[in-house]
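This report refers to the structure that appears directly beneath it.
The values are calculated or read from the model by the stated rules, or taken from the named source; none is laboratory data. Source: prediction; values computed, not measured. All Cβ positions, glycine included, derive from the backbone under ideal geometry; neighbour counts span all protein chains shown.
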Amino acid sequence: MSDEDKFRDSVNSNDYLKLISNIFQKFLAVNSVNYQNELTKPLEDIGLFFDLDRIYIYYFSKDPTFMQIECQWNKIDISPKREVQEEEVVYALPWLIRELKNKGIVVINNAKEVPLDAIFEAEAFEMEGIQASLLIPLKNEDEMIGFIGFENLSKPRTWKTDEIKILRDISRIFSYIRARISNEKAYKKALDGQAILLDNSQSQLWALSNVTSYATVNEAHAKFFGKQKSDLEYQDLYDIFDIDTANKFSENNWGLFQKNGPTEKELEIKNWKGENRLLQIKSKPGRDEYGNIKYLICTADDITEQRKAETELHTAKELAESANIAKSQFLANMSHEIRTPMNGIFGFLELIQSTTLSLEQKDFIREAKSASEVLLNLINDILDFSKIEAKKLTLEKVEFNLRTIIEDAVSLLAPKAAEKGLELNTMINAGVPEEVIGDPSRIKQILINLISNAVKFTQSGEISVTVDYLEEENEIAVLSFEVRDTGIGIAKEDIHKIFESFNQADTSTTRKYGGTGLGLAISNQLVKMMGGEICVESSLSKGSIFKFDVSLKIIKRAYKQKFEFDKLDNTNILIALDNKNNSKIISSYLQGTGLKVFEVQDATSAITTILSNSNTENKISIAIIDYQMPDMSGYELATALKIIPIAKEIKLILLTSIAQRGDTKAIKEYGFSSYLSKPLRRDDLVSCIAVALGLKKEDEEEVHQGLEIHKVKEDKNLLKPRILLVEDNEMNRKILISILKSHKMTCDVAINGSEALKAVSEKDYDVVFMDCQMPVMDGYESTAKIRLFEGNKKHTTIIAMTANAMEGDSQKCIESGMDYYISKPIDFNIMFKLIEENTKDREPEPNYNKIIDNNIDNFVKITGLEKEDAKEILEEYVKCLPDLLAGINVAIKNSDFKKLAGLSHELKGSSGTFRITSIHELAIKLEEKAIKQEIDECARFFIQIKDLFH
Ligand code: ADP
C-alpha cells in the first residue's frame, strides 16, 4: 500500500472523524478572550494526527512589516519556535512571504533543497534544525493576515497532495476564526468606547420607543431621577415615576413625537431630590428603512442655573435701563424746568430793552442777555451730551438747502467776528449739491461750534469756512467742511484730547476763554453719526484747521448756471477788495454768469483799471467796492468815480461788514445802487448785481438787505394777524402778550388745551401758539382734537412752543398734528417770521361806524335832530348793513339776479331815507345792473360799496 493509500485509509478512519469533530467543537467555543488557549488543543490534535513536530500561527502586526506568533503547539521534547507574541520583522523571511503571497502555499519536503534565492530561509531552517515544512497563508477576505506553519524537525517529509488539501481546509477555518475574533474585538472596543461616552456624558441621553416607554437611557438620565439605567430601560414611564412626573413627561414626549423632526423644548420636572429643574431637551426621530419613527432620541441639559443667571441679568439690565430712562427723563424735566424761567429772563430782557433806558442800563441789559445766552448754550450742550451718552440722540432726515444752512451758520457768527475785527468768509465750491437729505440743525450746530471756537480763539486775522464736494456714490455725496483760523492754535500734546468730553487744550485757557469742553465732543459724535470723521491740524500761535466730512443724500445737484441773464455776456465787473480771499470767493461765485471779472486790491488800482479799459471792450459797467481799502474808503472811491465823466455811469455796489452796515440813506447818497454785507451769500450777490444792472426789479428781491423788506413787513402787519396763545404759565403769557403788543399785535388767550379747542372752533385763527405741557388738556391732545374737528375743511397753523428738548419731542409735536416747533426760550425773530408767513390775506374788517362819522353832520342838517338822536338812528341803520351786504355778496356769487335786485333796492331805499348819498348812488347803479343781469358790473359796484367802509 502506497503512502497515499495509507493516508486515505487513515482519513477514512474514526480517528480522523474524531479529529475533525474536536476541532469544530473547539472552534465554536472560541471567543475573543480565550482563543489563544483554546486553539492549542486543536493544534495538538492536528500535529499528532499528521505526525508533525510543530504547528505555529503567525499574524502580521498592525504595522505589516512586523509579525508575531499568536499560538503554537510543539511536540514533547521540541522546544517552542518563538515566545508567543514576540515581534519579528517580516523581511527576515523575504522569499517565504513572497511565495505565500504569489503561490498561496509553500511546500518544503527537505530543507536542504530550498531554492537558491531562499538564502535567509535556508539559514533559518539550518539554525532551527527544520527538516520539512508546509506553510499556508491565512486570509481575511482577500488580504493575507498571517500564515500557519506545519514543521518536522526529526526528518524530511514528502507532503502528500491529500494531506496538503486537508491542512489547507483546516487553515481556512483558522483564517475564519481569526477574522471573527478580530471583528468581535473591534466591535467590543467600539461598544466600550460608546459606553464610556454615554455613561460619562454630563448631558442626559435617552431613546423613547413611544410616548410613554423608554428604549434606552444613559447614566446621567437615570441619575437625574436617582435610578439605575436598568430601572428605566424598556420600562413604561407610569411604572417608574409618580403620576405627576409621568404625566408631565409623557405630555412633553407627545409634543416631541408630534413634531416629526428635530425639535427643541424646555421641560420643568422634579429630580430625585424633588427639586424643580429646567431641562432643555433636543429631540430627533430615529427612523426605520420605511421612514417610520422607530425611536425618539433625546438629549437634555439642565439649564436651571443658567436660566436663573439669565433672569438675574435681564432684571439687572432692566433695572439699569429704567435707571437710564429715569436719567433721561430727569434731564428732560430739568431742561424743561430750566428753560421755562430762561424764557422769562429772555422775554423780560427783550421787553425792558424796548423801554426808555439810560445808556448804563442798556449796557447792563446787553450783558444780562449775553450771560443768559451763554447759560442757554451750556444747558443745550449738557443736554446734547447726556442724550449722546444715553444713546438717545437720533438724527433727523429731512430735505434742506445745504447752502442756506452753511450761510446761516456763518451769518450767525458774523457779528461776533466783526466785533473782533476778524474777516469771516465762506467758500462753497462748485459741485456742492444744493438740496440734500440729512439733519440740517445738527450740521449747523457743528459748524456753529467750530466757527465760534475759531472766533473765540482768534485775536486777529481771518476765519474761512470752505465746503467742498469730495465724491459721490449711489446718490450719496461726501462733503468736506473746513474751518480755518489764524488764532492761538493748539499744542501738539493737547490735540488728541480736545475731542474728548470736558477736555480743553489748556486749563488755563478755560479761565481766559471760558467754555465747557463739550462742544467738540458733541461735534465729534454728531459727525460720526453722519458717517464721517472730524480732525484738526494746528500749530501753536499759527492757527487751526478743523475738518470734517459727512455723507448726505443728494436731492438737487449744484446749479450749473444759476444766473440766467443773457445780457451779462459782455459785461465787465470790477471787484475792488483789499482781502484777496473775499475777492477770490466773489469771482468764483460769478463763474458761469458770463460776467468778466477784474480784481484789484486798492482804490488807486480800481481807478486805473476803470480808466485804462474805458474805450475798450473791457469797459467796466459795474463795480463791487470794499467799505475800507488801504488807500481810500469805499465812499471816497465812489465820490471820486462820480466826478470822472467816463466812470459816472458805472453801477456801484458797496461791500460792508456787519459792523459797518445799516446807513442805507448814506449809501444811496454816495451813489451806490445797493450794498452787500459780508459774509457773502452767493444768491444775494447775484441778485444784487442783477438789480443794479436793471435786469431784475428791486421789489422782486426777497433777501436783499435794503429798506424794501421793512416796507413789505409793515404792509403785512396791517393785516392784523389773528393769534391764539395757549399757555398755562402766567409769566410766559405776560411776556408774549407784551412782545406782540410792542409789534402792534394782539392775541386771544387760552390757558389750557380744552380752552384752545373751544376758541379754535369759534374763530378763524392765523396762528395758534400751543404750549405742550398744560393742565386739564395738554397741547398734543388739544391739537389732535382740533385736527379732528377741522377735518378736510380747514387747517389752522399750530406752532408748538415747548421747553422740552429731548429726543422725539419735535416728532411728537408733528405727529399730534402741529405744523411747526419752536423751543423755549423763544427766539422772537423766528416767532414773528412764522406769524408773518402764516397770516392769511383777508379782507380787512369793515368799519361801519365810518359811515356814521361821515354822514352825521349832513343828517343833522337835513333833519334838524339833536346829534345824539341822529346818531342813535344812524346806528340802527348801520346795524342792518352787515346782513344786507352779506346777502348781496351771496346773491352775486350765485348770480341770483332776482334776489340781488331786491336787496339792492332795499339798500337804495334805506340809504336814501337816511341821506347816505355815497351808498345810495352806488345802490341805484347796483339795482340797475342786477335788473340787466350784468354780473361783472354788479360785482364792480358792490366792491365800491364795500370800499366805503374801509
Ligand atoms: P469749549 O470751547 O467749550 O472749551 P470745545 O469742545 O469746543 O469746548 O473745545 C475744546 C478745546 O479745544 C477748547 O477749550 C480749546 O482748548 C480747543 N480748541 C477748540 N477750537 C480751537 C481753535 N479754533 N483754536 C484753538 N483751540 C481750540
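Laid out as a table, the results:
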| read-out | value |
| --- | --- |
| Answer residue from segment 415-442, given it is among the hydrophobic types (A, V, I, L, M, F, W, C) and at pLDDT below 85 and is nearest to Ile554 (Cα to Cα) among those | Ala430 |
| In segment 490-500, the residues that are within 27 Å of Ser551 (Cα to Cα) and near the ligand (Cβ under 8 Å from one of its atoms) | Ile498, Phe499 |
| Hits in segment 755-773 - residues which are over 34 Å from the mean Cα position of the chain (by Cα) and buried (at least 16 other Cβ atoms within 10 Å of the Cβ) | Glu755, Ala756, Leu757, Ala759, Val760, Tyr765, Asp766, Val767, Val768 |
| Lone qualifier among Asn894, Asn889, Asn854 - being surrounded by fewer than 19 Cβ atoms within 10 Å (Cβ to Cβ) and touching a residue at least 60 places away in the same chain (Cβ under 8 Å) | Asn854 |
| Qualifying strands (runs of 3 or more DSSP E) (wholly inside segment 28-142; at least 3 residues being more than 27 Å from Lys185 (Cα to Cα)) | 106-108, 132-140 |
| Any hit, segment 903-911, residues being over 18 Å from Pro882 (Cα atoms), part of a helix (DSSP H, G or I) and at pLDDT below 90 | no |
| Residue in segment 866-879 that is in contact with a strand residue (DSSP E or B) (Cβ under 7 Å, 6 or more places away or on another chain) and aromatic (Phe, Trp, Tyr) present | no |
| Subset of segment 913-930 [within 12 Å of Phe859 (Cβ to Cβ) and assigned to a helix (DSSP H, G or I)] | Thr913, Thr917 |
| Residue satisfying condition, being under 26 Å from Leu577 (Cβ atoms), more than 13 Å from the ligand (Cβ to nearest atom) and not in a helix (DSSP H, G or I), within set Gly431, Gly487 | Gly431 |
| Condition broken by Lys512, with the remaining ones in (1) within 12 Å of the ligand (Cβ to nearest atom); (2) modelled with pLDDT of 90 or more; (3) among the charged types (D, E, K, R); (4) more than 34 Å from the chain's Cα centre (by Cα) satisfied | (2) |
| Residues that are more than 17 Å from Lys160 (Cα to Cα) and charged (D, E, K, R), drawn from segment 28-58 | Glu38, Lys41, Glu44, Asp45, Arg54 |
| Strands (runs of 3 or more DSSP E) contained in segment 589-693 and holding at least 3 residues under 23 Å from Leu413 (Cα atoms) | 651-656, 674-677 |
| Candidates Leu359, Leu383, Leu331, Leu349 - the one that is out of contact with any strand residue (DSSP E or B) (no Cβ under 8 Å at 6 or more places or on another chain), at pLDDT 80 or above and not β-branched (Val, Ile, Thr) | Leu349 |
| Lys282 being of a type in the set (D, E, K, R), in a strand (DSSP E or B) and surrounded by fewer than 16 Cβ atoms within 10 Å (Cβ to Cβ) | yes |
| Among (1) at pLDDT below 90; (2) within 13 Å of the ligand (Cβ to nearest atom); (3) at negative phi; (4) surrounded by fewer than 20 Cβ atoms within 10 Å (Cβ to Cβ), the one test that Gln459 misses | (1) |
| Residue list for segment 811-843, restricted to those being assigned to a loop (DSSP other than H, G, I, E, B) and surrounded by 13 or more Cβ atoms within 10 Å (Cβ to Cβ) | Ser816, Gly817, Met818, Asp819, Lys824, Pro825, Ile826, Thr839 |
| Segment 465-484, subset touching a Leu at 6+ places or on another chain (Cβ under 8 Å) and modelled with pLDDT of 90 or more, residue farthest from the ligand (Cβ to nearest atom) | Val478 |
